[in-house]
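The values are calculated or read from the model by the stated rules, or taken from the named source; none is laboratory data. This one's a predicted model, so the numbers in the text were calculated from it and none came from an experiment. Glycine also receives a Cβ, built like all others from the backbone with ideal geometry; neighbour counts cover every protein chain displayed.
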Amino acid sequence: MSGLLSRYATRSLLRAATRRGYATVEVQPSQEWLAKREALKHHAAETTNLWRRVSWYICAPGIIVAAIWVRNAEAEHAEHEEHLKEENGGELPEPPAYDYLNKRVKPFPWGNNTLFFNPKKNKDMSKVEE
């Protein structure tokens, strides 16, 4: 038992001893290592330029085209809604009352409507009687 304890004590002392993680002799890097380092820097510069070009010449025009497409689609949607409002006396038509929509088993703590209720977009559930 005593031998076992002394072995553990020796191991813990060896582990606790500080070790230097650096060399004490100054060594000049080899030419092979310097060449690899320069090749790595050159590759990093080329890759950076590639992705910079991809960002400017592919992503930026793509974002602009997508923004224009969304703007046109939303303008068409707004025109369609205005047309529906004109046909129905300035109000949007009431959507069909499906049984599976807007079910309330019990009221929310803030009432029957959603937390971020928007009267222009959401159905007012406080007026609905079931």
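Take the conditions (1) outside any helix (DSSP H, G or I); (2) modelled with pLDDT of 75 or more; (3) among the aliphatic types (A, V, I, L, M); residue 23 misses just one of them, which is (2). Of the set (1) in a loop (DSSP other than H, G, I, E, B); (2) in contact with an Asp or Glu (Cβ under 9 Å, 6 or more places away or on another chain); (3) surrounded by 11 or more Cβ atoms within 10 Å (Cβ to Cβ), all apply to residue 125 but (2).
What do you reckon, is residue 85 among the basic types (Lys, Arg), modelled with pLDDT of 90 or more and over 36 Å from the mean Cα position of the chain (by Cα)? In short, yes. Evaluating residue 95 against the criteria (1) surrounded by fewer than 10 Cβ atoms within 10 Å (Cβ to Cβ); (2) under 36 Å from the mean Cα position of the chain (by Cα); (3) without any contact (Cβ under 8 Å) to a residue 24 or more places away in the chain leaves one unmet condition, (3). Do the conditions hold for residue 51, that is, is it part of a helix (DSSP H, G or I), more than 32 Å from the chain's Cα centre (by Cα), modelled with pLDDT of 80 or more and of a type in the set (A, V, I, L, M, F, W, C)? So residue 51 fails the test.
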